[in-house]
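Below you'll find the structure, written out as structure tokens, and then a few comments.
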Amino acid sequence: MKQFQFAYSNLNNLRRELTKIDLWRKSTITSRMVFQIFSEILDKPLLQQISDAIRSAFPDALYMGCTTNGSICAGELAKSDVVVVCNIFEFPTTQIDMMQYHLTDDTARDVVQDFLAELEKRPWVKAVEMFVTIRGMSMTVFCDELQKARQDIRMYGGGAFLSDINDNNANVFSCKGDFTDTGVVFLLLGGEDLHVRTTHIAGWKPLGKTFCVTRAENNLLYELDNAPAYQVYYNYLNIRNDENFFTNSLEFPFFYEHNGIKILRAPIASNPDGSLTMTADLEENVAANLAYGDPWTILEEIRHDGETLRDFCPEAIHIYSCAARRTFWGDAEISKESMPFQSIAPTTGFYTSGEFLRTDGKMNQHNVTLVVAAMREGDPPEEEMRQFRMEERDVSGKVSMISRLARFIEAATRDLEQANNQLSEMAVTDGLTRIYNRAEIQRRIKERLKSGETLSLIMLDIDNFKHVNDAFGHKEGDAVIIGLADLLRRATACDNSSAAGRWGGEEFMVLVPESLELATKCAADCVKYFAEISFPAAGHQTVSVGVTQAKPDDTLDTLLVRVDKALYQSKTGGKNRYTVL
């Protein structure tokens, strides 16, 4: 496999480059060839002129192209508006094909189903590369349908864009169709001697508070934590709901888990009602964070994945990187991400409005992510493989400061969450015994009773407790109370539905979500095992217990009155016993 890549300057220069390719091709054995055209501008006459020149020079070649937010040539951000890439396959077993479809929300399902039917006719396919127009669309149906393809087929690609990220007129085109702002071009690659590896690199990390998606419909995210989703961007980042929202929010996507992997998802618009339009659907009741770019993590992931791809010995590398990453690094430093891959194979690609990659059989549309596809024909070469080289990981002071501030926020958020958890626990916990307080255990009894499920209650009272306080002091009295609480905590630890709480003073209540028979056994055990405890000063103490089971016509009051009556009978009947009513 051989790759040629060059920046377009004028038609004469293009023809000279095509002549060079033709001379090389005639000097060796080749099988198939495909051209890819990346353009930062939507100049249809120019792009048509380039396409016509390619068709004239190589009638048997396929070509595909799209508008971009910038192109990658020889591993670097291209200085030219247009980049032309030619991939020539040398093995006779390698096969390629191309298809173009009209793609909208309404046609997505039919498009993919037709494409999958075509795939079935081509068992040689190993990989599918795609250029897609995605602005204004939800890509959920598109991705969900694509993942029905044969499991061994790799899929990857990028969303067309423009240099002005607020311009929705991004186009795709190919030898199989015209220029369109609603389309997808599929390049099919395969054959027994073609090998493809793919990976994706994020480097964005969750920032601060975790939110819950409380309302979402299709690709509209309405509420986070029961508040308009837009407020997250305004309250935490001071990003306003205006015409600049997309530009200002691009570097701060949402970070959440989807299809078993961590996904970044950026909004493309903020709506008057405070909802956010996303490029794919979000599920309700999932946890999501805002995310920020951490330069150290980004570069470390590039090093790790680059060294893995080096061992694959690729002959060509295609990169699809989100425009948000270009915004994050700036034009002066964005090539830090792509240039290292050039050290192991010719590297091209473009900056996208969204990235596509199939991972573990699941088709995902990413944002703010770098997708890498590496290709090779035949077996790895026997000679020493190329070294994966990266520059020293120097980052600008600004980016370093962002990283440090983000770490500070993360630490502060952890401290705040810990404090909030402690406050929440204190609100439902008895301060002395660390089991539930009366309000919480009563709330749980009320909820269980309302549900109509089986409910039994055990009410306990320490016998002669006033004597313990008078004879041994309140400190020893507290020890006796804590001793009974610890016993009840152990008794309910094996069942999340059981609960023990301090009812008041030396009285306790236990909720048992079981039959009266099991509650009675538990009560008998409490009487037995509490009497076996020996306290430092008070020695052995006893407890009286009442047991009852909720009846269909019980209210909270009637249930509590009955268990209290059972406890009273144990007290008047001699103490250190249990009574069932």
Yes/no for residue 141 being among the β-branched types (Val, Ile, Thr), outside any loop (DSSP other than H, G, I, E, B) and closer than 14 Å to residue 67 by Cβ: no
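Scan 78, 57, 74 and give me the residue that is assigned by TED's automatic domain parsing to the domain that holds residue 173, surrounded by fewer than 18 Cβ atoms within 10 Å (Cβ to Cβ), among the aliphatic types (A, V, I, L, M) and touching a residue at least 60 places away in the same chain (Cβ under 8 Å). Step through it out loud before you land on a result.
Working: 78 fails: surrounded by fewer than 18 Cβ atoms within 10 Å (Cβ to Cβ); 57 fails: touching a residue at least 60 places away in the same chain (Cβ under 8 Å).
The conditions single out 74.
Yes or no: residue 32 in contact with a Leu (Cβ under 9 Å, 6 or more places away or on another chain) and basic (Lys, Arg)?
Values: in contact with a Leu (Cβ under 9 Å, 6 or more places away or on another chain): yes; basic (Lys, Arg): yes.
So residue 32 passes the test.
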Residue within the stretch 210-229 that is farther than 22 Å from residue 261 by Cβ, buried (at least 22 other Cβ atoms within 10 Å of the Cβ) and not assigned by TED's automatic domain parsing to the domain that holds residue 329 present: yes
All positions within the stretch 116-136 that are surrounded by 20 or more Cβ atoms within 10 Å (Cβ to Cβ), within 17 Å of residue 172 (Cα to Cα) and either outside the structural domain of residue 156 (by TED's automatic domain parsing) or not β-branched (Val, Ile, Thr) (or both): 129, 130, 131, 135
Boolean, residue 173 is surrounded by 18 or more Cβ atoms within 10 Å (Cβ to Cβ) and either under 27 Å from the mean Cα position of the chain (by Cα) or under 17 Å from residue 364 (Cβ atoms) (or both): no
Residue match in the stretch 329-344 (condition: assigned to a helix (DSSP H, G or I), of a type outside the set (D, E, K, R), in contact (Cβ under 8 Å) with a residue 40 or more places away in the chain and surrounded by 24 or more Cβ atoms within 10 Å (Cβ to Cβ)): yes
Checklist (1) at pLDDT 95 or above; (2) farther than 20 Å from residue 451 by Cα; (3) surrounded by 13 or more Cβ atoms within 10 Å (Cβ to Cβ) applied to residue 532, failing item: (3)
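If only one of 358, 376, 404, 326 is at pLDDT 90 or above, in a helix (DSSP H, G or I) and either in contact with a Phe, Trp or Tyr (Cβ under 9 Å, 6 or more places away or on another chain) or over 29 Å from residue 260 (Cα atoms) (or both), which one is it?
From the options 358, 376, 404, 326, the qualifying one is 326.
Please note which strands (runs of 3 or more DSSP E) are completely contained in the stretch 213-272 and include at least 1 residues that are touching a residue at least 60 places away in the same chain (Cβ under 8 Å) and over 15 Å from residue 139 (Cβ atoms).
Working: elements: 220-224, 254-258, 261-265, 267-270.
It comes to 220-224, 261-265.
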Some residue of the stretch 102-111 being assigned to a strand (DSSP E or B), under 36 Å from the mean Cα position of the chain (by Cα), crowded, with 20+ Cβ neighbours inside 10 Å and among the β-branched types (Val, Ile, Thr): no
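Condition check: in contact with a His (Cβ under 9 Å, 6 or more places away or on another chain) and surrounded by 14 or more Cβ atoms within 10 Å (Cβ to Cβ). Does residue 36 satisfy that?
It is true that residue 36 is in contact with a His (Cβ under 9 Å, 6 or more places away or on another chain) and surrounded by 14 or more Cβ atoms within 10 Å (Cβ to Cβ).
Right, residue 339: assigned by TED's automatic domain parsing to the domain that holds residue 74, touching a helix residue (DSSP H, G or I) at 6+ places or on another chain (Cβ under 6 Å) and of a type outside the set (Asp, Glu) or not?
On the way: assigned by TED's automatic domain parsing to the domain that holds residue 74: yes; touching a helix residue (DSSP H, G or I) at 6+ places or on another chain (Cβ under 6 Å): no; of a type outside the set (Asp, Glu): yes.
So residue 339 fails the test.
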Criterion (exposed (fewer than 15 other Cβ atoms within 10 Å of the Cβ) and in contact (Cβ under 8 Å) with a residue 40 or more places away in the chain) met by exactly one of 501, 539, 573, 505: 505
Residue 184 vs. criteria part of a strand (DSSP E or B), touching a strand residue (DSSP E or B) at 6+ places or on another chain (Cβ under 8 Å) and either of a type in the set (Val, Ile, Thr) or exposed (fewer than 15 other Cβ atoms within 10 Å of the Cβ) (or both): yes
Selected residue (only one of 62, 23 is modelled with pLDDT of 95 or more and either over 30 Å from residue 121 (Cα atoms) or within 34 Å of the chain's Cα centre (by Cα) (or both)): 23
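Working only within the stretch 155-170, note down all residues that are charged (D, E, K, R) and buried (at least 19 other Cβ atoms within 10 Å of the Cβ).
First, pick out the residues of the stretch 155-170 that are charged (D, E, K, R): 164, 167.
None; the set is empty.
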Residues located in the stretch 159-173, provided they are modelled with pLDDT of 95 or more and either on the phi > 0 side of the Ramachandran plot or touching a Lys or Arg at 6+ places or on another chain (Cβ under 7 Å) (or both): 170
Looking only at the stretch 542-570, and only at residues there that are more than 52 Å from the chain's Cα centre (by Cα) and under 19 Å from residue 490 (Cα atoms), the one that is surrounded by the fewest Cβ atoms within 10 Å (Cβ to Cβ): 542
The one condition in (1) out of contact with any Leu (no Cβ under 6 Å at 6 or more places or on another chain); (2) under 24 Å from residue 449 (Cα atoms); (3) not in a loop (DSSP other than H, G, I, E, B); (4) not acidic (Asp, Glu) that residue 545 fails to fulfil: (1)
Cβ-Cβ under 6 Å pairs, at least 6 apart or on other chains, the stretch 359-383 side over 23 Å from residue 33 (Cα atoms), far side of a type in the set (Val, Ile, Thr) and part of a strand (DSSP E or B): 359/261; 370/201
Subset of the stretch 263-287 (residues that are surrounded by fewer than 19 Cβ atoms within 10 Å (Cβ to Cβ) and either among the polar types (S, T, N, Q) or at pLDDT below 90 (or both)): 269, 271, 277, 283, 285
Test for residue 493: is it within 19 Å of residue 433 (Cα to Cα), among the aliphatic types (A, V, I, L, M), surrounded by fewer than 14 Cβ atoms within 10 Å (Cβ to Cβ) and in the same structural domain as residue 438 (by TED's automatic domain parsing): yes
Filter result for residue 108 (among the hydrophobic types (A, V, I, L, M, F, W, C) and without any contact (Cβ under 8 Å) to a residue 40 or more places away in the chain): yes
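The values are calculated or read from the model by the stated rules, or taken from the named source; none is laboratory data. What you see is a predicted model; the values in this text were computed from it and never measured. Here the Cβ is made from the backbone with ideal geometry for all residues, glycine too, and neighbour counts use every protein chain on show.
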